[in-house]
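Worksheet: one structure, shown below.
The values are calculated or read from the model by the stated rules, or taken from the named source; none is laboratory data. Since this is a predicted model, take the numbers as computed values, not measurements. Using ideal geometry, Cβ is built from the backbone for each residue, glycine included, and neighbour counts are taken over all protein chains shown. The accessibility values were calculated without ligands, DNA or RNA, using every heavy atom of the protein model including side chains. Shrake-Rupley method; radii C 1.70, N 1.55, O 1.52, S 1.80 Å.
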Amino acid sequence: MATIIWTTIGAILTLSVYSFLYKDNPFYKFAEHLVVGISAGYYLVIYYFNFIQPNVVAPVFLLRIGNEAIGLGSSMWWLALIPGILGLLLYTRFFPKFGWVGRWSLGIYVGGYAGLGLSPIMQARVLNQIGANALPLTSITNVFLIVGLLGTLTYFFFSMKHKGVLGVLARVGIVFLMVGFGASFGYTVMSRVSLLIGRVSFLLHDWLHLI
Amino acid sequence: MLGDRGQSGGIRPWTGFVALSVAVAALFLCPVAVSAQEEVEAVEQDTLLLVAAPTGLSAIDTPNDRGSSINVTWELSSDDNGDGIVAGYEVFRSAHPETGFAFVGRVPFGVTEYRDSSVDNRAPTYYRVAALGADESPFFSGTFGPVEASIQWFNRSRLNALVAVIIFVVSILYFVNAAKSGKKLFIRRLAGLDEMDNAVGRATEMGKPILFISGLSSVSDVATIAAINILGEVAKKTAEYNTKLIVPCADPIVMAVEQEVVKEAYAKAGRPDAYNEDDVFYLTRSQFAYVAGVNGIMVRQRPATILYMGMFYAESLVLAETGSSIGAIQIAGTDAVTQLPFFITSCDYTLIGEELYAASAYLSREPILLGGLKGQDMFKLITVVFLVVGVIAATLTATGVIESNFMLAVFATG
């Protein structure tokens, strides 16, 4: 009985969302507010249990599961205070007089990520990719690939006008890009159709038992 | 006599002879058969139980790592031929060369190495490896040690990445200084960004808001950082034109950063009073709940201009189609290769990949951003040169003109 009730609720919400294809209406508004509200609350809990609890609360307050200390344990617990305090500083924005303090947290967060990302990106997206594409011009495929790569790189060169040889190369580059995007488009549309089939199957099979 | 006896006993004479022969044969042959069977069983038992131990045991501190790890290697047992005689190898560790060896890991047959990643740094450690017979009996190698795990502060296998980063940073610093000293830096025209002014102007004329969507990713994503930079420039224009700017966010940290950026842009434009903190708000982290919320905003507030800048996933087409259905001018920019086709088909202008990164410099013309963009271009040029040299070296190697491809070492990273 419970299964029937939940399946029916799921089906009604699915149809409410699909009703947006006609136009905005109260059913869609209800489904929209429901999913936004529930997901926002859900993620609040996820954030707490996945980030704040294991990284700040557990090490600082020495939470234990049985006899095992969780998080950072007992010796380095104070390290957890640093991100904890930086996180709390974000709330200074509610006090206009001290709002600027929160910018320190944001600066460390943004700058830290940008700096940490530089070396891995250089390795993964530049060096490894050049190495993988430095192929011998001994087959048509390789020639095709190298010409496409050079053309694409030229397209993303902003310091000179795309005229003359540079213009031709950039043109070749954009053709390669568009061919690639076309293939990607077709491939992704196919995967979206399979999502639609999944929903229709839910409605006709799980709910109405017609198929 | 025999005939009589045979008759009286009911046994025929030839039958007695056969019985006697069988008895004699049994007397001599049975011990031979039994001893042969025992021998076969013994050989089989020996085959099952006796396995040659692995040889050539060695252990070294794992190079270029952050410590706590030792690489153990050995040569295969001579019985390890993949026929099931050797079931695998077990690695044992001790702080003493003679006693206290504890199991640390197991690998299948045919494998000659194991990385022990649970070692105390700077602690002398001894290893033994056992080949396991089919019945899991261990046959131990000799002991190897002591060996110590240690932290390497410099990863030499990534030296080329360091050099590349230095070249990249130096080229950016050079061009930033050049821009600051007043040198005019050229950037080619980007059609999508030229339309940004028109798009903001159109919204102002129509008295409708501008919707800015910076994707679903966090601040750790380069595309999100680029989107935040663009948002600052757009916010300056909306402040000047007194146009409402709506920014729904999917990440709480991104929201905090974007609130700061928009607030600062309004202050720079001399309109701090026009800034409304509630226009930059958190919606939800959930992908399609976010889409549902943004679609609702689109159809109810009917923005004249929608800007999609940043990292997008499967929601891109749903958003862009809804935006298209309300007749908004749409400009998108992302480095998500799989989503670019959807933006190209459903938006008026699309910034492809690096054009997104160039956008903030292009819009603001600030020396630091312009210098950064020119520095990136210079680095791209160097990259192309290395690629061409790499292709030539690979071609010469493949055709036998040179023996080894010297460029492989340049690109190799650990």
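Tabulated values for the structure
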item: Other-chain or far-sequence residues with amide H under 5 Å of B:V280's (modelled H); result: B:V247
item: Accessible heavy-atom area order of A:H209, A:H162, highest first, probe of 1.4 Å; result: A:H209, A:H162
item: Cβ-placed point charges (K, R +1; D, E -1), dipole of the stretch B:55-147 about Cα centre in debye, nearest 20; result: 400
item: Rough spin-label spacing in nm, given labels placed 7 Å along Cα→Cβ, for A:L86 and A:I140; result: 5.5
item: Share, in percent, of DSSP beta bridges within chain B that are antiparallel, nearest 5; result: 60
item: Of all DSSP beta bridges in the protein assembly as shown, antiparallel share, percent nearest 5; result: 60
item: Accessible-area value, B:E366, 1.4 Å probe, nucleic acids and ligands omitted, Å²; result: 70
item: Descending semi-axes in whole angstrom, ellipsoid equivalent of the protein assembly as shown, from the Cα gyration tensor; result: 67, 36, 30
item: Ratio of the Cα radius of gyration of chain B to 2.2 N^0.38 Å, where N counts its residues; result: 1.82
item: By accessible area with a 1.4 Å probe, ligands and nucleic acids excluded, highest first: order of B:Y126, B:Y313; result: B:Y313, B:Y126
item: Residues whose placed amide H lies under 5 Å from that of B:K244, excluding near-sequence neighbours; result: B:I210
item: Buried area at the A-B interface (accessible, heavy atoms, 1.4 Å probe, summed, Å²); result: 5500
item: Lysine-lysine proximity count for chain B, Cα under 14 Å, sequence distance 8 or more or distinct chains; result: 10
item: Largest to smallest principal axis extent of the C-alpha atoms in the stretch B:55-147, angstrom; result: 40, 29, 19
item: Relative contact order for the stretch B:77-154, counting Cα pairs under 8 Å that sit 6 or more residues apart, in percent; result: 31
item: Solvent accessible area, Å² - B:F168, 1.4 Å probe, full protein context; result: 40
item: Average projected area [Cα convex hull, the stretch B:194-320], square nanometres; result: 7.0
item: Cut-off 18 Å, label 7 Å out along Cα→Cβ of B:L159, residues of the stretch A:105-147 by amide N; result: A:123, A:127-128
item: Complex-versus-alone comparison for the stretch A:131-151, residues with a loss of 10 Å² or more in accessible area, probe 1.4 Å; result: A:G131, A:A134, A:L135, A:P136, A:L137, A:T138, A:I146, A:L149, A:L150
item: Förster radius 22 Å - calculated FRET efficiency between B:R189 and B:L381 (Cβ-Cβ, nearest 0.05); result: 0.65
item: The protein assembly as shown - mean residue ellipticity at 222 nm from DSSP helices (-39,500 (n - 2.57) per run, n ≥ 4, rounded to 500); result: -17500 deg cm²/dmol
item: Length-normalised contact order for chain B - Cα pairs under 8 Å, 6+ apart - percent; result: 13
item: At least 20 Å along the helix axis (C-alpha) and Kyte average at least -1.0, DSSP helices within chain B; result: B:13-49, B:159-180, B:191-206, B:222-241, B:252-268, B:287-301, B:367-398
item: Under-5 Å amide H pairs with B:V104, H placed in peptide plane, nonlocal only; result: B:V91, B:F92, B:R93
item: Cβ-based net charge around A:R103, under 12 Å, with every Lys or Arg adding one and every Asp or Glu removing one; result: 0
item: Exposure rank, largest accessible area first [A:H33, A:H205; 1.4 Å]; result: A:H33, A:H205
item: Accessible area of B:V401 in the full protein assembly, 1.4 Å probe (Å², nearest 10); result: 100
item: Gain on full stretching of the segment that runs from A:R171 to A:I121 - 0.36 nm per residue minus C-alpha separation; result: 15.3 nm
item: The stretch B:185-365, relative contact order in percent, only Cα pairs under 8 angstrom and at least six apart counted; result: 27
item: The stretch B:126-148-the stretch B:236-276 distance, computed between alpha-carbon centres (Å); result: 66
item: Calculated from backbone phi, Karplus (6.51, -1.76, 1.60) coupling profile of the stretch B:117-127 in Hz, x at Gly/Pro; result: 9, 10, 9, 6, 5, 6, 10, x, 10, 10, 10
item: Cut-off 10 Å between beta-carbons: net charge of the residues surrounding B:C249, Lys and Arg +1, Asp and Glu -1; result: -1
item: Spin-label pair B:K268/B:F281, simplified geometry with 7 Å Cα→Cβ offset, distance in nm; result: 2.6
item: In Hz, Karplus ³J(HN,Hα) per residue of the stretch A:159-167 (6.51, -1.76, 1.60; θ = phi - 60°; x = Gly, Pro); result: 7, 9, 5, 7, 10, x, 4, 4, x
item: Whole-Hz couplings from phi, Karplus 6.51/-1.76/1.60, listed for the stretch B:335-347; x for Gly and Pro; result: 9, 7, 4, 6, 9, 4, x, 5, 5, 4, 7, 10, 10
item: Summed side-chain charge close to B:V337 - residues other than B:V337 whose Cβ falls under 13 Å, Lys, Arg +1, Asp, Glu -1; result: -1
item: The stretch B:185-365 - charge dipole about Cα centre, Lys and Arg +1 at Cβ, Asp and Glu -1, debye rounded to 20; result: 320
item: Label point 7 Å beyond Cα of B:V111 along Cβ direction - residues of the stretch B:128-154 with amide nitrogen under 19 Å; result: B:128-141
item: Anisotropy class of chain A from Cα gyration tensor, a/c 1.5 cut; result: oblate
item: The protein assembly as shown, accessible surface, carbon-and-sulfur percent (1.4 angstrom probe); result: 66
